Amino acid sequence: MNISSRRVAWLDFLRIFSAFSIVFLHVSSHYLENQIPFGSFSWFVTDAELAFTRFAVPVFVMISGVFFLNPQKDIPLSVLYRKYIGRMLTVLVGWAVIRTAVMNVWLGHAPAGEWAQDIFVSVMWYWFLPMIIGLYMVSPFLRVLTAQGGRKLMIYFMVLCLVFSMGLPVLEDAEKFFFPDSYYVSTFTKLMKIPFWTFGAHFMFGYYAFTYEISPLAKKWICGAALVSWLLLAVGTYGFFDDKAGRFYFYSMQGASLSPLTFFTGAAVFLFGKDVLGKIAFGPRVLLWTERLARYSLGVYMFHLILVELSAHFGVFKAMNGWYVALIPSIATGIFILANAGIALLYKIPFFRKYCL
């Protein structure tokens, strides 16, 4: 399958779905941590929903891989750094300043002397952008692999990424448990355990699955692995909240959306987009709105975090208690709509559109 210069409708649908899932993730995680009684029916349902939405960041990375790892797309280093990496940096800094201004200057969460420091805290909130910048930086090397390496070498690369990202944390925890005073293994693995290993497989899979046909048997294995990963992510979240199961959290989950388990959930959703959404003939009006909302997806990702914090600050979440199974999707939908409306307005400002969206 060739990647043309025209937009691909099912990728746009995945962008929108992933953006909404990110909003849902942060709303549900707030309720899970602060308001829903631990161990209740609503808690377990929300936990399962939260585990499902972990696919969102991996799918965003896979979509980036579709375009950045296409060997037919020539991206000189000067263009890569000026157009793509430079833009991600301005988006990151711009929204970090906006969040700091809203939460600490306007609402007064931090003393004036700590405003500059809190910009770095805001950068940590937007960890997705530094991670994707790192993948952009190595994309010229990976594009050589997609051009000349062949399918087997791409599969080997993805397996290697997953082995490193899953295996090294287990070795570190085992060293801490059996040899508390030792630091040799963790010192070595920290030099190797960079975001590239965790998200490199996602990045490569996006291009691989878009370009090549995957056998029905392989798809069944991916869907099976996605189901198991979803359950492990849900159990991992339970372990995070239950001190007695705290160690299991590190072995099964290894950090929420950073977990390598999300590779399989993201891969299953990505394949669903290709095999199901990719075969639907949408009308021109639907495609127009889909393209527009897809362009807003990065801005929605950045803006919705501020909206969630504002909702918590002004007591919106506490005021809306009740049947959480229906309440959380409703609130997430409201914030998603509000975020899109806000980004649509900001999109009309040329400077903001160029450097922050």
Inset, instruction - Calculate the translational D of the chain in whole µm² s⁻¹ from Stokes-Einstein, where the hydrodynamic radius comes from the Kirkwood formula applied to all Cα pairs, the temperature is 20 °C and the viscosity 1.002 mPa s. - result: 99
Legend entry - Rounded percent of accessible protein surface that carbon and sulfur make up, the chain, 1.4 Å probe: 70
Legend entry - Computed lengthening from residue 156 to residue 276, 0.36 nm per intervening residue step minus Cα-Cα distance: 40.5 nm
Legend entry - Tensor-based shape of the range 1-156 (alpha-carbon gyration tensor, a/c under 1.5 rounded, otherwise prolate or oblate): oblate
Inset, instruction - Report relative contact order for the range 252-357 in percent, whole number only (criteria: Cα-Cα under 8 Å, sequence separation at least 6). - result: 28
Legend entry - Pairwise label distance in nanometres, residue 7 with residue 353, each label 7 Å out on the Cα-Cβ vector: 1.3
Inset, instruction - Treating only the Cβ atoms of Lys and Arg (+1) and Asp and Glu (-1) as charged, compute the dipole magnitude of the chain about its Cα centre; round to the nearest 20 debye. - result: 1460
Legend entry - Point-to-point label distance, residue 38-residue 163, nm (Cα→Cβ direction, 7 Å offset): 3.8
Inset, instruction - Indicate the gyration tensor shape class of the range 203-357 (rounded, prolate or oblate), computed on the Cα atoms with a ≥ b ≥ c the square roots of the eigenvalues: a/c under 1.5 is rounded; otherwise a/b larger than b/c is prolate and the rest oblate. - result: oblate
Inset, instruction - With a probe of 1.4 Å, find how much accessible area the chain has per residue, and write the answer as a whole number in Å². - result: 50
Legend entry - Cα→Cβ-extended label distance, 7 Å offset, between residue 313 and residue 74, nm: 4.9
Legend entry - With DNA, RNA and ligands ignored, accessible area of residue 274 (1.4 Å probe; Å², nearest 10): 20
Inset, instruction - List the relative contact order of the range 1-102 as a percent without decimals, with contacts defined as Cα pairs under 8 Å and 6+ residues apart. - result: 29
Inset, instruction - Measure of size requested: the Rg and Dmax of the range 259-339, with Cα atoms as the atom set and Å as the unit; please supply both. - result: 16.5, 44
Legend entry - Relative contact order [Cα under 8 Å, 6+ residues apart], the chain, whole percent: 31
Legend entry - Overall form of the range 64-159 per C-alpha gyration tensor (a/c, 1.5; a/b vs b/c): prolate
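The values are calculated or read from the model by the stated rules, or taken from the named source; none is laboratory data. Since this is a predicted model, take the numbers as computed values, not measurements. Don't worry about glycine lacking a Cβ; one is built from the backbone with ideal geometry, like all the others, and counts go over all protein chains shown. Side chains are part of the model used for accessible areas, which takes the heavy atoms of the whole protein and leaves out ligands, DNA and RNA. Shrake-Rupley method; radii C 1.70, N 1.55, O 1.52, S 1.80 Å.
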